[in-house]
Amino acid sequence: MPAACDYLVIGSGAADAVVAARLSDDPDIQVVLLEAGGRDNSLLLKLPGLGFAVGTHPRYYNWGHETAPVPGLMGRPELRICEAFSAAAAGMGFPILDDLNRDTVDGFGYYDINVGDGRRLSTATAFLRPNDSRSNLTVVTGALATRLINKGGRAVGADILQGAGLGKSR
């Protein structure tokens, strides 16, 4: 890991991977991305549907945080087979849900996934993997940021736990 960088991105969630990749578009900028988890190279994480189910397992790939429901998110493409399936489910008395992320567990509806070339497409796959060869983008996995280091009211680094040791990234 570089001793210093221009930008330190903490976390490799959906927005973070995109931010790190976009920042590293400029070859004069050094970007370090810290990710507390491991690489998403398990085949189980690449299978549409199953990848999501495996990814929600708190023991392996999920921190177990909970969020509030997000209203909206309509306008998904509809497929005839899905419409037929939903109609059949409704005909049997099952509720049709407009959002499967709500607090209900019974019902049918459209499942939101990101797929490219028949595989689950994470932001790491879409934005970080194509830029693996960039010398100005360093992705550090297994690095848990425990504290931000502030200087003059500005975050200038982070204390991190990696493996058995505590380190600093600035």
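At-a-glance table
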| read-out | value |
| --- | --- |
| Sequence-distant residues sharing a close amide H with residue 157 (under 5 Å, placed H) | 149 |
| For residue 9, distant residues with modelled amide H under 5 Å away | 32, 33, 34 |
| Vicinal HN-Hα couplings computed from phi for the range 103-112 (Karplus, 6.51 cos²θ - 1.76 cosθ + 1.60; Hz; Gly/Pro x) | 7, 9, 10, 9, x, 10, x, 7, 9, 7 |
| Long-range HN-HN contacts of residue 97 with modeled amide H, under 5 Å | 108, 109 |
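Each value in this text was obtained by applying a stated rule to the coordinates, not by laboratory testing. Note that this is a predicted model, so its numbers are computed, not measured.
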